[in-house]
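Participant: Got a structure for you, written out below as structure tokens; questions coming shortly.
The values are calculated or read from the model by the stated rules, or taken from the named source; none is laboratory data. Keep in mind that this is a model prediction, so the values were computed, not measured. Note that we place each Cβ from the backbone using ideal geometry, even for glycine, and neighbour counts take in every protein chain shown.
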Amino acid sequence: MMNFTEPVSIRVDSLTSYNKFHTTVDVLRLDLIDPVVSGNKWFKLKEYLKEASHLRKTAILTFGGAYSNHIVATAAACTSYGFRSVGIIRGERPVELSNTLQDAQDYGMQLYFISREAYKRKEIPEEIFKSVPGNELYIVNEGGYGCKGMEGAKDILSFCDSGHYTHIMAAAGTGTMLAGLTAAARDQQQVIGVSVLKNNFSLKHQVEQLLPPQKYRQFAILHDYHFGGYAKYKPELVQFMNSWYTDTLIPSDFVYTAKLFYALNDLIHKNYFPNGTRLLLIHSGGLQGNRSLAKGTLIF
Ligand SMILES: *Cc1c(COP(=O)(O)O)cnc(C)c1O
């Protein structure tokens, strides 16, 4: 069995500036795990890779877009743990690869570009089997969605004294991390997901698919903080990222964690939480994605 070294760099930051609202806000810094296999991706991948190793697979295949944290994290993790990696990328091959895809390729990932229609059907191009025998290939869903991803994400809460909080908040894409956090949460704790996709109302169902029914009442999803949709943003969000960094010294990424922190800040100012609320925010990483912003946009 493969040896997964536990990340040692994770810590909790307390944001005392929210104490005047009679709440405590702590941030679990999963972004400190590793600059590339950062944040929740390490947790979401580890159970898949363990299973792949157990089944004696030699290559991992997964899906993503040009800026996908999941793609580059998979590429890096595969290099560390001795797998070949194959990335099926949505859309035409661009003249110049994005930083994310260039990194993935540098980690040894074989990239295949397929049309948006083929991507929707999650088609695997035949030519892949010329270099990797089909029976050695292990497929991980887009974004690591699935039971193994959820199982891995359950471990996130063991990196702090999580029983002490009333609420846990995290950004949600596929909802895999949200499901893991909900599965691991204690009975009286409430888990709140901030959806980063626009009007993605199927997210609730996606999360429920990964949970036993008695857990359904323990999570909620907020749909008001997508800023136009996945990887979309507005000047207001960028301004917030900079002022949040000035106030807390915590960097955020514009796709996920900035929307989470913005939501938290907004909800606290709207007195959404009762007095005495103790919040744990999950910093799920993703900072590599900020490289697609113009230089000088961010102060960190
Ligand atoms: C992938 C990702 C998420 C979303 O995780 P899901 O399990 O797909 O909901 C959140 N934050 C960051 C930084 C990510 O890279």
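Participant: Spot the failing condition for Gly163; the list is (1) more than 12 Å from the ligand (Cβ to nearest atom); (2) over 23 Å from Arg11 (Cβ atoms); (3) part of a helix (DSSP H, G or I), and only one is missed.
Facilitator: (2)
Participant: Another question, then. Scan region 170-188 and report the pairs whose first residue is assigned to a loop (DSSP other than H, G, I, E, B) and whose second residue is within 6 Å of the ligand (Cβ to nearest atom), with Cβ atoms within less than 6 Å and a gap of 6+ or a chain change.
Facilitator: Gly173/Gly143; Thr174/Gly143
Participant: Between residues in region 73-94 that are within 16 Å of the ligand (Cβ to nearest atom) and residues that are modelled with pLDDT under 95 and β-branched (Val, Ile, Thr), which pairs lie under 6 Å by C-beta distance while being six or more apart or on different chains?
Facilitator: Correct list of pairs: Ala73/Val37; Ala76/Val36; Ala76/Val37; Ala77/Val37.
Participant: Kindly indicate whether any position in region 219-238 is surrounded by 17 or more Cβ atoms within 10 Å (Cβ to Cβ), assigned to a helix (DSSP H, G or I), within 15 Å of the ligand (Cβ to nearest atom) and of a type in the set (Phe, Trp, Tyr).
Facilitator: Checked region 219-238: no residue is surrounded by 17 or more Cβ atoms within 10 Å (Cβ to Cβ), assigned to a helix (DSSP H, G or I), within 15 Å of the ligand (Cβ to nearest atom) and of a type in the set (Phe, Trp, Tyr).
Participant: How many residues, within region 71-93, are more than 17 Å from the chain's Cα centre (by Cα) and either aliphatic (A, V, I, L, M) or over 11 Å from Trp42 (Cβ atoms) (or both)?
Facilitator: Within region 71-93, residues that are more than 17 Å from the chain's Cα centre (by Cα) and either aliphatic (A, V, I, L, M) or over 11 Å from Trp42 (Cβ atoms) (or both) number 15.
Participant: For Tyr145, are the conditions met, namely being over 20 Å from Lys50 (Cβ atoms) and among the aromatic types (Phe, Trp, Tyr)?
Facilitator: Spelling it out, it is not the case that Tyr145 is over 20 Å from Lys50 (Cβ atoms) and among the aromatic types (Phe, Trp, Tyr).
Participant: Right, something else. From the list Phe261, Phe254, which residue is touching a His at 6+ places or on another chain (Cβ under 9 Å) and either touching a residue at least 40 places away in the same chain (Cβ under 8 Å) or on the phi < 0 side of the Ramachandran plot (or both)?
Facilitator: Phe261
Participant: Being under 14 Å from Tyr81 (Cβ atoms) and within 13 Å of the ligand (Cβ to nearest atom) is the filter here, so list the residues in region 18-46 that pass it.
Facilitator: Listed by number, the residues that qualify are Asp34, Val36, Val37, Lys41, Trp42, Leu45.
Participant: Still on this structure, I have one more. So is Leu97 within 28 Å of Ala258 (Cα to Cα), aliphatic (A, V, I, L, M) and free of Cβ contacts under 8 Å to residues at least 60 places away in the same chain or not?
Facilitator: Yes, satisfied.
Participant: Continuing with the same structure: Any idea how many residues of region 130-142 are within 16 Å of the ligand (Cβ to nearest atom) and either free of Cβ contacts under 8 Å to residues at least 12 places away in the same chain or out of contact with any Lys or Arg (no Cβ under 8 Å at 6 or more places or on another chain) (or both)?
Facilitator: Residues meeting the conditions: 2.
Participant: Which ones in region 251-296 are over 14 Å from Leu15 (Cβ atoms) and more than 23 Å from the chain's Cα centre (by Cα)?
Facilitator: Lys270, Asn271, Tyr272, Pro274, Asn275, Gly276, Lys295, Gly296
Participant: Could you please find all residues in region 244-300 being part of a loop (DSSP other than H, G, I, E, B) and touching a Leu at 6+ places or on another chain (Cβ under 9 Å)?
Facilitator: The answer is Ile250, Pro251, Ser252, Asp253, Phe254, Phe273, Ser284, Gly285, Phe300.
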